[in-house]
Amino acid sequence: MTAPTAHDSPQKTGWIEVIAGCMFSGKTEELIRRIRRAQIARQQVAIFKPGIDDRYSPDHIVSHSEARLLSVRVENAADILRLAGDAQVVGIDEAQFFDMGIVDVAEELANRGKRVIIAGLDQDFRGKPFEPMPQLLAVAEYITKTLAICVVCGNPADRTQRTTDASERVLLGEKDSYEARCRRCFRPPKP
């Protein structure tokens, strides 16, 4: 299901929206678009990103197309609860880099009546579920799966191909370390 519209938005309750997909599929772009619409509606927003992610900016979420919004870097999910304050809308980018506590944080924020918008990779470079995203998908009211374009064949892509020999699960990188691939062109690393 897609994000709620003005006609089907829940009333007097909070909810969780998850934007999931592979790298280069527009997840952060979509998060920024939704947050900007909330700002236009004069809603109070708070935006967070994991402390590990300093690729483009230490204090902004930034899409690959260089759209950006001011954000707060936090070291763990629990910090979000403390810093969200009176925000009506809470945006969280790169959720796969948070600890499993992000699931309870998202639920607590929604239970407090906030709209929680979370973006993250649903699969790692091996094509396996990237925790805590599966758990966030399970508790979300609204899910958007974004697709990129496969750099090999041009089909819709939902996998992230690592192009280096690095074996650690978390490796911050960009176009020199990853490519978007479709199911047919994706080559998982050897175990």
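The values are calculated or read from the model by the stated rules, or taken from the named source; none is laboratory data. In this text the structure is predicted, and so the values were computed from the model without any measurement. Backbone-built Cβ (ideal geometry, glycine too); neighbour counts: all protein chains shown.
Are any of the residues in the range 163-179 of a type in the set (A, V, I, L, M), closer than 20 Å to Arg68 by Cα, under 18 Å from the mean Cα position of the chain (by Cα) and at pLDDT 95 or above? Scanning the range 163-179, I find no residue that is of a type in the set (A, V, I, L, M), closer than 20 Å to Arg68 by Cα, under 18 Å from the mean Cα position of the chain (by Cα) and at pLDDT 95 or above, so the answer is no.
Residues of the range 112-156 that are of a type in the set (S, T, N, Q) and touching a Ser or Thr at 6+ places or on another chain (Cβ under 9 Å): Gln123, Thr144, Thr146.
Listed conditions (1) part of a loop (DSSP other than H, G, I, E, B); (2) over 29 Å from Tyr178 (Cα atoms); (3) touching a Gly at 6+ places or on another chain (Cβ under 7 Å) are all met by Ala46, apart from (1).
Looking only at residues in the range 42-65 that are more than 16 Å from the chain's Cα centre (by Cα) and among the charged types (D, E, K, R), the one that is modelled with the lowest pLDDT is Asp59. The set of residues in the range 57-72 that are part of a loop (DSSP other than H, G, I, E, B) and under 16 Å from Gly120 (Cβ atoms) comprises Ser63, His64, Ser71.
Counted as qualifying within the range 93-191 are the strands (runs of 3 or more DSSP E) with 2 or more residues that are more than 24 Å from Ala78 (Cβ to Cβ), namely 142-146, 159-162, 178-181. Identify, from the list Ala106, Ala87, Ala110, the residue that is in contact with a Gly (Cβ under 7 Å, 6 or more places away or on another chain), modelled with pLDDT of 95 or more and of a type outside the set (Val, Ile, Thr). Sole residue among the options that is in contact with a Gly (Cβ under 7 Å, 6 or more places away or on another chain), modelled with pLDDT of 95 or more and of a type outside the set (Val, Ile, Thr): Ala110. Taken over the range 115-167, the residue count meeting the criterion of being over 17 Å from Glu94 (Cβ atoms) and among the small types (Gly, Ala, Ser) is 6.
The residues of the range 39-68 that are surrounded by fewer than 17 Cβ atoms within 10 Å (Cβ to Cβ), polar (S, T, N, Q) and without any contact (Cβ under 8 Å) to a residue 40 or more places away in the chain, listed by number, are Gln39, Ser57, Ser65. Annotation: of all residues in the range 69-90 being of a type in the set (A, V, I, L, M, F, W, C) and under 18 Å from Ile40 (Cβ atoms), the one that is surrounded by the most Cβ atoms within 10 Å (Cβ to Cβ) is Val90.
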